[in-house]
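Note sheet for the following structure.
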Amino acid sequence: MAAREIRYSLFTKTASEQQITSVAVGHHCDDQAESLLINLNRGTGLEGIVGMRPVRCLEASCNLIRPLLAETRDSIRAYAEAQYLEWREDMSNQDEKYLRSRLRTKVMPQLNAEALARSANLVGQWVDQFIVPAITENFDAASEGQSLDITYLEQIPNVLAQRLVIEGLRHWIPQAPADEVTAQRVMALIHMQSGKRVEVGGGAIWRDRNYLTFSDSIDHKPMERSKLFGDSSPVAIPEGQIRLNLSHTKPDNLRGSDEAWLDADRLTVPLTVRNWRPGDRIRPLGMEGTKKVSDLLTDIGVPASKRKDTIVVCSKGEIVWVVGYRLSHTFRIMDATRNYARLYFERN
């Protein structure tokens, strides 16, 4: 495995340096049959039975391809001999301390490698045509921001819910093990109280009221709700503090990313300051109807890594300001406004 990691690292580095779009490796039908058996021995789902893929992404601009995957070892060796090509055999191929070598020398001679590889190919077609689209459709329906809707997970078969959790791990905590055991640990949060979490791979999954929220950092924790009173102590947030000032004087300038001017008479003080949550909606200034905060952050190009730290200010549960990004149309200043509220974000 260590040699494999070094080898593939070199493939990736060389392909990038030389702007190569495909790297071909020599895996063949017998290798595919061995991979299927190894995966079954470890305990695998349908995707493990598929074995190796003819094409997979090596990096953004380069694919790893396996053009010999349909050929047997014997047919390749026969071709090499007919073309007077020198055959090299890695000495580790016969070393029975390795599982693959034990399979190759003791088990595979008793089996039909082509039949096993054919089974892997058939399962692969089912996975590509039916399983992957179903997973993608359900993941899109269940996910918002970096969270999965608990109600949605509870309404679908458990095996699919676990698979969506695995998909969440792959998307949002890529360094974590994306397997059944980890998925079961995460699913157990559904039956725990809000605030509980599971730490995996340097990240954490939090149990919110209605969502499982994924973070690639153990240190990140959603801030507790805080009350914001007019002209009094500010509320501390991760990157600074938020203040509220009330005034009878109309401001000269209503623009500024770190401040929001509102109609004070439409607000109910104290205001609530908290992290945004999946499911949150706001009516952005100038828009008809509401928009999900997650969609708003996507549209304005907020990096996924920063979205979890986004703060909202609410009046009686309704979002009046996505701090630093958008003001609510409902609380805007109009010609009839007589009392004014200024929310502003003081950065550390």
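For region 331-337, the Karplus equation 6.51 cos²θ - 1.76 cosθ + 1.60, evaluated at θ = phi - 60°, returns couplings of 10, 5, 7, 10, 4, 7, 5 Hz by residue, with Gly and Pro reported as x. Of (i) 1.61; (ii) 0.98; (iii) 1.37, which one was derived for Cα Rg over 2.2 N^0.38 Å from the structure shown? Read-out from the structure maps to (iii). Axis angle, to the nearest 10 degrees, between helix 132-142 and the longest C-alpha principal axis of the chain: 20 degrees.
Ordering of 14-24, 276-286 by packing is 276-286, 14-24, highest average first (other Cβ atoms within 10 Å, averaged per residue). Converting the Cα gyration tensor eigenvalues of region 135-213 into ellipsoid dimensions via √(5λ) gives semi-axes, longest first, of 16, 15, 12 Å.
Considering only protein heavy atoms, what per residue accessible area in square angstrom results for the chain with a 1.4 angstrom probe? Could you put the intermediate results ahead of the total?
Values: 20040 Å² over 348 residues.
Normalised by residue count, the accessible surface of the chain is 58 Å².
Helical content of the chain, expressed as a calculated mean residue ellipticity at 222 nm, amounts to -9500 deg cm²/dmol (DSSP H runs of 4 or more residues, -39,500 (n - 2.57) each, divided by residue number, nearest 500).
State the extension gain, in nm to one decimal, for the chain segment bounded by E346 and S16, taking 0.36 nm per residue of separation less the distance between their alpha-carbons.
114.5 nm
Between the helical axis of 2-17 and the longest alpha-carbon principal axis of the chain there is an angle of about 70 degrees. Averaging the Cα positions of each part gives two centres, and for region 312-339 and region 128-197 these lie 34 Å apart. Here is the P(r) of region 3-59: all C-alpha pair distances, binned every 5 Å from 0, give 4, 17, 21, 20, 19, 12, 6, 2 in whole percents. Peptides 337-345, 53-61, ordered by how many other C-beta atoms sit within 10 Å of their residues on average, highest first, read 337-345, 53-61.
In a fully extended conformation the segment linking L122 and A82 would gain 11.2 nm over its present Cα-Cα distance, using 0.36 nm per residue. Take K196: with every protein chain present and a 1.4 Å probe, its accessible area is about 90 Å².
Taking only protein heavy atoms and a 1.4 Å probe, the accessible area of the chain is 49% carbon and sulfur.
A simple charge model with +1 on the Cβ of Lys and Arg, -1 on the Cβ of Asp and Glu and nothing else charged puts the dipole of the chain at about 940 debye relative to its Cα centre.
Taking 7 Å steps out from each Cα toward its Cβ at Y8 and R170 produces label points 1.4 nm apart. Pairs of Lys residues in the chain, spaced 8 or more positions apart or belonging to different chains, with C-alpha separations under 24 angstrom: 20 in total.
The values are calculated or read from the model by the stated rules, or taken from the named source; none is laboratory data. The shown structure was predicted, so the numbers you read here are calculated from the model rather than taken from an experiment. We place every Cβ from the backbone using ideal geometry, glycine too, and count neighbours over all the protein chains shown. Protein only, heavy atoms only, side chains kept; ligands, DNA and RNA dropped before computing areas. Shrake-Rupley method; radii C 1.70, N 1.55, O 1.52, S 1.80 Å.
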